[in-house]
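Structure first, then comments.
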Amino acid sequence: MARVFNFSAGPSVLPEVVLKQAADEMLDYKGSGMSVMEMSHRSKVYDNIIKEAEKDLRDLMDIPDNYKVLFLQGGASQQFAAIPMNLMKNGVADYIITGQWAKKACEEAKKYGKVNVVASSADKTFSYIPDCSDLPISEDADYVYICHNNTIYGTTYKKLPNTKGKILVADMSSDILSQPVNVSDYGLIYFGVQKNVGPAGVVIVIIREDLIRDDVPTYCPTMLKYKTQADNDSLYNTPPCYGIYICGLVFKWVKEMGGLSAMKIHNEKKAAILYDFLDSSKMFRGTVVKEDRSLMNVPFVTGNEELDAKFVKEATAAGFVNLKGHRTVGGMRASIYNAMPIEGVEKLVAFMKDFEEKNS
Ligand code: PLP
């Protein structure tokens with residue numbers, strides 16, 4: 001078996017032990033005589049799977065009892081519409097634009113109400129997080145929206161915005177479970193699972209109960225109404241059963257790794273290996289301001305497009321795959337999610353050093 005070091009931004013590397021366990025259980029899940037894929041979502045055995053997944057996520061993130069956890073489908077992008085439809089009571093929301101994903105969410109929200117952009121880092125290609133200590137928060141804003149980790153640009157919030165008492169909503173698709181989170185700081189956290197947690201398509205929403213309303217606009221599809229999903233424990237219709245099962249296995253793996261504090265140490269160690277090299281290299285450099293660097297996504301360039309392409313080609317041949325930067329940024333990006341082993345980053349840096357020596 002030849003597994004590569006997969007630096008994809010998503011879908012991305014999952015823990016090998018999880019994939020092996022899923023393979024072992026593929027034909028006969030715990031004596032049920034069938035795969036989880038073949039199981040009724042109303043069966044006792046599946047009920048245990050989804051309940052245990054929720055319990056493990058609650059334990060990991062220390063989710064307070066007054067928050068619901070919803071296992072949904074449609075990916076993170078579906079939430080760009082679901083959030084305004086469910087949370088806009090006054091029809092107003094404030095968005096902070098730190099990259100393409102926040103921008104897309106903002107554009108979608110404009111279909112449902114008045115949206116104010118209260119800060120943006122578009123002026124410098126989203127290479128930093130704007131100062132959010134004193135934003136022009138709208139008096140009647142139903143929520144303030146952020147993308148907590150910017151997958152494409154490689155920036156992250158080190159300090160949460162001052163929302164002046166308004167509800168904070170965060171897209172944590174690309175940094176969920178990478179470090180501890182104080183859930184109470186947020187009204188709603190959501191994440192597409194395909195980076196740190198499981199197969200694409202599943203999206204998990206953690207929402208404070210008092211924000212779950214019945215009086216959403218009549219045009220809001222039943223499936224996108226959080227109350228429908230909350231009232232039915234995410235089983236209003238057939239959920240993405242197999243995907244949720246894999247998420248559950250990953251939650252157990254994160255617990256075995258020592259939980260979110262241990263994960264943070266592990267991720268800081270990995271990121272430091274790469275950032276320290278970028279800071280010392282004469283060929284490669286990181287593209288974002290140091291203070292706002294992400295632990296998960298590390299974009300870098302040589303400053304020469306041809307050399308970038310040569311690097312990506314040679315790295316791929318050497319087993320370091322998916323290092324090409326996002327099409328809007330160019331250069332390279334190494335996504336080093338939870339399941340990327342330290343060894344993968346060490347070997348990548350050794351490869352980069354060698355490439356630099358040979359091409360200088
Ligand atoms: N939000 C962030 C931060 C992302 O990185 C992505 C995808 O990469 C998305 C949203 C969109 O996710 P999906 O493809 O599941 O809709």
For residue 212, all conditions in the list (1) hydrophobic (A, V, I, L, M, F, W, C); (2) within 24 Å of residue 89 (Cβ to Cβ); (3) out of contact with any helix residue (DSSP H, G or I) (no Cβ under 6 Å at 6 or more places or on another chain) hold save one; what is the number of the exception?
(3)
Out of 308, 276, 354, sole residue that is without any contact (Cβ under 8 Å) to a residue 40 or more places away in the chain, under 30 Å from residue 253 (Cα atoms), part of a helix (DSSP H, G or I) and among the acidic types (Asp, Glu):
276
Region 114-145: number of residues that are more than 20 Å from residue 81 (Cα to Cα), over 20 Å from the mean Cα position of the chain (by Cα) and of a type in the set (A, V, I, L, M, F, W, C)
5
Between a residue in region 169-188 that is in the same structural domain as residue 80 (by TED's automatic domain parsing) and any residue that is crowded, with 24+ Cβ neighbours inside 10 Å and among the basic types (Lys, Arg), which pairs come within a Cβ distance under 6 Å, given they are 6 or more apart or on different chains?
174/195
Answer residue from region 168-188, given it is more than 12 Å from the ligand (Cβ to nearest atom) and among the hydrophobic types (A, V, I, L, M, F, W, C) and is nearest to residue 15 (Cα to Cα) among those:
177
Complete set of residues in region 272-293 that are exposed (fewer than 13 other Cβ atoms within 10 Å of the Cβ) and within 16 Å of residue 150 (Cβ to Cβ)
290, 291
Quick check: anything in region 25-43 outside any loop (DSSP other than H, G, I, E, B) and in contact with a Gly (Cβ under 7 Å, 6 or more places away or on another chain)?
no
Can you give me the number of residues within region 93-116 that are surrounded by fewer than 19 Cβ atoms within 10 Å (Cβ to Cβ), out of contact with any Pro (no Cβ under 9 Å at 6 or more places or on another chain) and in a strand (DSSP E or B)?
1
Looking only at region 279-305, which residues are in contact (Cβ under 8 Å) with a residue 60 or more places away in the chain and touching a helix residue (DSSP H, G or I) at 6+ places or on another chain (Cβ under 9 Å)?
281, 282, 283, 284, 286, 289, 293, 294, 295, 296, 298
Of the numbered conditions (1) modelled with pLDDT under 95; (2) touching a strand residue (DSSP E or B) at 6+ places or on another chain (Cβ under 7 Å), residue 1 satisfies every one except a single condition; which is it?
(2)
For region 159-167, indicate whether the set of residues that are within 14 Å of the ligand (Cβ to nearest atom) and of a type in the set (D, E, K, R) is non-empty.
no
Among the numbered criteria (1) within 26 Å of the chain's Cα centre (by Cα); (2) in the same structural domain as residue 251 (by TED's automatic domain parsing), which one does residue 39 miss?
(1)
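The values are calculated or read from the model by the stated rules, or taken from the named source; none is laboratory data. All of these numbers come straight from a predicted model, not from anything done at the bench. All Cβ positions, glycine included, derive from the backbone under ideal geometry; neighbour counts span all protein chains shown.
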